[in-house]
Amino acid sequence: MTAEHSVTTPLPDTGLMLVGMGPGRLSGMSLEALNAAKTADVRRYEAYTALWPQAELDALEAEVGAIEKVMRPEVELPEALFELARTSLVALLVVGDPLQATTHVDLQLQADEAGLECLVFHGVSITTLVTGAIGLSNYKFGRQTTLTYPYGGWVATSPLEVIAANMHQNLHTLALLDLDPTGEGIGHQLPMKPQDAVVSLRLMWEKLAEAIEEMPQETALQSMRVEACEALLSGDLDSMNVVLCSDMGTEDESIVATTVGQLEGQTGGRLNSLVFQSKASEVEEKALLRWR
């Protein structure tokens, strides 16, 4: 059974706990999440959707006990985790909030089906942190997306389509930047830098321009998607306004309001995300002036 516990609620002897670590530092973890990590018999750190700075991860390990890193296969095929959880209390440590990714929701459902108790301890997520930090209204954000690397020559256009659809509705877009150049989720992570994001965006732009004539328009939703993409492509990629958000929630946090074309000159940080700005209100424009 899935449940959410407070720091004062006794924890079970066995089962799985999804523990939100917050954005990137030990001091940002909730007391209940920290208590769950300390109480667990086994701690696994899910390290393919996001990463903590190594120094902070070392500090967490010193506080709660030994932590072992796991990657996508161990989470998407969780039998080994479940075997441990049948006889001990297992904490899966997840950067940010543990239920922001579909992978972890699926893990939660699988644990329920396996008859395992699955507790959730929430953490601060990049999805809520970014919007407030930069000063754009949270209710004016549309669907978020991830800018992916071009895996082995394959280029996804779906991230650009999401941005186009949001822009068409005058909504901002949070775009997380990829961590994995291989797309396999098994290690060798290389968090995307601003200049990498520009390369991917330009490839997506070219592919979308080539593919738009073949996009179906059989339904109203499909027609709207094509209209949104055409509107986006009629503009200039390099002049699009973006906000580069680096290492949010850590001591190295940095926010820069710039354009896609000027991203190539930005160093960024350890982990980066981009906000694609739609039409901003007067208050939002004033807030963004702080980061120009």
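Annotations
- Of the residues making up the range 156-176, one or more are in contact with a Phe, Trp or Tyr (Cβ under 6 Å, 6 or more places away or on another chain), assigned by TED's automatic domain parsing to the domain that holds MET215 and among the polar types (S, T, N, Q).
- Residues that are without any contact (Cβ under 8 Å) to a residue 60 or more places away in the chain and closer than 25 Å to LEU16 by Cβ were ranked within the range 110-153; the one that is surrounded by the most Cβ atoms within 10 Å (Cβ to Cβ) is GLN110.
- Residue check for SER200: more than 24 Å from the chain's Cα centre (by Cα) and more than 26 Å from GLU56 (Cα to Cα): no
- Flag if ALA156 is touching a residue at least 12 places away in the same chain (Cβ under 8 Å), under 18 Å from GLN277 (Cβ atoms) and not aromatic (Phe, Trp, Tyr): no
- Qualifying position, being touching a residue at least 40 places away in the same chain (Cβ under 8 Å), assigned to a helix (DSSP H, G or I) and not assigned by TED's automatic domain parsing to the domain that holds LEU271, among ALA36, ALA50, ALA80, ALA62: ALA36
- Selection within the range 240-274 - among the hydrophobic types (A, V, I, L, M, F, W, C) and out of contact with any Phe, Trp or Tyr (no Cβ under 8 Å at 6 or more places or on another chain): LEU244, CYS245, MET248, VAL260, LEU263, LEU271, LEU274
- Taken as a whole, the condition of being charged (D, E, K, R), over 15 Å from the mean Cα position of the chain (by Cα) and at pLDDT 95 or above applies to GLU63.
- Lone unmet requirement of (1) of a type in the set (A, V, I, L, M, F, W, C); (2) in contact with an Asp or Glu (Cβ under 9 Å, 6 or more places away or on another chain); (3) within 30 Å of GLY28 (Cβ to Cβ) for VAL256: (2)
- Members of the range 129-155 found to be touching a Leu at 6+ places or on another chain (Cβ under 6 Å), among the polar types (S, T, N, Q) and either outside the structural domain of SER254 (by TED's automatic domain parsing) or assigned to a strand (DSSP E or B) (or both), listed by number: THR146
- The residues listed here are ARG86, ARG43; of these, the one that is part of a strand (DSSP E or B), over 21 Å from the mean Cα position of the chain (by Cα) and assigned by TED's automatic domain parsing to the domain that holds GLY115 is ARG43.
The values are calculated or read from the model by the stated rules, or taken from the named source; none is laboratory data. The shown structure was predicted, so the numbers you read here are calculated from the model rather than taken from an experiment. For neighbour counting, all protein chains shown are included, and Cβ atoms are generated from backbone atoms with ideal geometry for every residue, glycine included.
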